[in-house]
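S.K.: The structure follows.
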Amino acid sequence: MTNSPSGKPLTVSVFMEVTSSPRTWEGMGILEREMKLLRALCDRGLRVNLISYGGQAENDMPASTRGGVRVLYNWMGLHPRTYMKRVFQVHALPLLRSDVLTSFDTHSMLAMLRAHWAWSIPMVMNMSYSWPLAARINPTVPQSQIIEAQAYEDEMLTKAACVIVANTDLLHTFVDRVPEAASKSHVMALYVDRDLFRPMEREKRYDLIYVGRLARIKNLEAMLEAVVRTKKTIAVIGGGTPGPDGEDIDPQYTAGLKHQFGEYKGIHWLGMKSNEELPAYINQARALMLCSFSEGLPRSMLEALACGVPVIGSRVGGIASTLRHEATGILCETDAESIAAAIDTVFSQPLLLQAMGANARQYALANLSLPEYSRRKVELLTDIARRHPVDSAAKRVASYIMRKR
């Protein structure tokens with residue numbers, strides 16, 4: 001059992017994104033992937049609360065999936081926005097018993113910030129990308145919203161006790177904006193289930209595969225134009241970017257892509273697939289493509305590497321810092337001509353393609369371990385709890401009441 005400074009088991013409360021719940025994870029096909037990490041933290045002695053936006057149906061989660069994780073759901077049936085603002089009050093007791101607060105990503109941090117302000121619990125930020133940086137690529141996002149989001153992100157970087165970022169490029173972006181974040185930031189790559197994502201004997205039905213959101217920042221126009229130029233086939237897996245109501249926030253973009261490339265028979269639009277289905281599809285392709293304008297540390301790239309499938313990726317963010325050019329993949333620029341040249345390089349050298357696939361799997365075995373990731377995460381959380389011990393619940397409630405007066 002991992003203990004807090006008080007001698008009690010260390011308790012961590014994890015905030016999900018607004019409107020998200022284990023049931024929405026299940027609908028997206030990622031429930032088991034996300035719960036696996038939380039169960040691993042429990043196995044290492046932590047008590048884990050998962051702050052969900054779902055309702056009473058969260059109680060139906062199988063015990064084998066839940067493990068030791070306690071799901072705190074919206075039992076009052078509040079509107080999601082109201083629940084987000086009041087979650088620190090709805091779940092006041094378990095939060096007051098928590099030693100550390102953490103989150104899954106940017107969109108879950110506002111609720112965490114409110115709980116931090118109310119109950120004086122240290123926060124650990126998990127940042128795999130910068131939302132304001134990504135939003136600048138989308139012309140439908142108002143500039144005022146981007147400015148507001150960056151100010152909010154900078155506030156989080158200032159107030160967090162610890163910042164976990166996915167790659168060094170993202171770290172430099174944050175430190176340039178908030179220099180004091182440098183001393184409390186840690187770079188931690190994501191993990192991959194290397195037993196699920198592994199090389200398989202599958203017929204190669206596609207030359208290429210793309211797995212991800214159908215969003216402007218993913219640079220799909222240039223990528224698909226390069227596929228057409230080189231006369232290759234590609235499987236496209238994924239959907240649009242869901243907003244707070246679960247609907248695609250930019251449906252015109254998705255529809256425009258399919259209209260623009262609808263006549264080319266080499267593009268196979270496969271829609272959403274569960275995480276458990278992805279390994280079979282990835283293994284049916286010779287290479288994965290990810291030529292985004294901006295990236296944190298894309299999980300689809302790591303999953304392809306674990307499958308022994310090399311990656312053609314743009315020279316940005318976590319793609320550039322992870323891929324080894326002509327060893328585990330090919331790096332290119334974001335224009336169609338450069339992407340097409342990278343495709344030609346891969347498919348004109350069968351021995352290189354084979355060697356990159358073998359190297360990719362070895363990279364995954366050496367670097368993408370869930371046990372190692374969970375071990376480091378527990379060490380960080382334990383250190384934060386030790387360096388930022390919480391006062392008694394009574395003192396913090398009294399402090400909150402005085403500040404509210």
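Taken together, the values in this text are just the output of simple stated rules run on the coordinates, not laboratory data. As the structure is a prediction and not an experimental result, all values here were calculated from the model. Glycine gets a Cβ as well: all are built from the backbone with ideal geometry, and neighbour counts include every protein chain shown.
S.K.: Taking every pair of Cα atoms in segment 152-259, average 1/r, invert it to obtain the Kirkwood radius, and report Rg/Rh to two decimals. Walk me through the numbers before you get to the answer.
M.R.: On the way: Rg = 19.0 Å, Rh = 17.6 Å.
Reported Rg/Rh, Kirkwood definition of Rh: 1.08.
S.K.: Based on Cα positions only, what radius of gyration and what Dmax would you give for segment 306-378, in angstroms?
M.R.: According to the Cα coordinates of segment 306-378, Rg and Dmax are 13.9, 46 Å.
S.K.: Considering only C-alpha atoms, what is the centroid distance from segment 341-405 to segment 153-185, in Å?
M.R.: 14 Å
S.K.: Between Gln284 and Trp117, what is the label-point separation in nm under the 7 Å Cα-to-beta-carbon projection?
M.R.: Between Trp117 and Gln284, the simple spin-label model gives 4.9 nm.
S.K.: Still on this structure, I have one more. Between Glu201 and Glu26, what length comes free when the chain is fully extended (0.36 nm per residue of separation minus the Cα-Cα distance, one decimal in nm)?
M.R.: 60.3 nm
S.K.: To continue, here is another question. Output the 0 to 90 degree angle, nearest 10, between the alpha-carbon long axis of helix 251-260 and the longest principal axis computed from the alpha carbons of the chain.
M.R.: Tilt relative to the chain: about 10 degrees.
S.K.: Would you calculate a helix-derived [θ] at 222 nm for the chain, using -39,500 (n - 2.57) for each DSSP H run of n ≥ 4 and dividing by the full residue count, to the nearest 500? Present the calculation step by step, with values, prior to reporting the outcome.
M.R.: On the way: 18 runs with 183 residues, N = 405.
So the helix-based figure for the chain works out to -13500 deg cm²/dmol.
S.K.: Now, a different point. Please determine, in degrees from 0 to 90 and to the nearest 10, the orientation of helix 168-177 with respect to the longest principal axis defined by the Cα atoms of the chain, where the helix direction is its Cα long axis.
M.R.: For 168-177 against the chain, the angle is about 50 degrees.
S.K.: Using Cβ counts within 10 Å as a stand-in for footprinting exposure, how do Glu58, Glu372 rank, fewest first?
M.R.: Working: Glu58 19, Glu372 14.
Arranged by neighbour count, lowest to highest, Glu58, Glu372 become Glu372, Glu58.
S.K.: Next up: Taking just the C-alpha trace of the chain, give me its Rg and Dmax in Å.
M.R.: Reported Rg and Dmax, both Å: 21.8, 71.
S.K.: How do Tyr129, Tyr210 line up, fewest other C-beta atoms within 10 Å first? Display every interim value, and only then the final one.
M.R.: Details: Tyr129 22, Tyr210 25.
Listing Tyr129, Tyr210 from fewest to most nearby Cβ atoms yields Tyr129, Tyr210.
S.K.: Scattering from the C-alpha atoms of segment 248-405 alone, worked out with Debye: what is log10 I(q)/I(0) at q = 0.09, 0.14, 0.15, 0.17 1/Å?
M.R.: Those come out to -0.47, -0.82, -0.90, -1.09, one per q.
S.K.: By how many degrees, 0 to 90 and rounded to 10, does the Cα axis of helix 350-367 deviate from the longest principal axis of the chain?
M.R.: The angle comes out at about 10 degrees.
S.K.: Fewest first, what order do Val141, Val311, Val397 take by the number of other Cβ atoms within 10 Å? Walk me through the numbers before you get to the answer.
M.R.: Details: Val141 18, Val311 24, Val397 15.
In order of increasing Cβ crowding within 10 Å: Val397, Val141, Val311.
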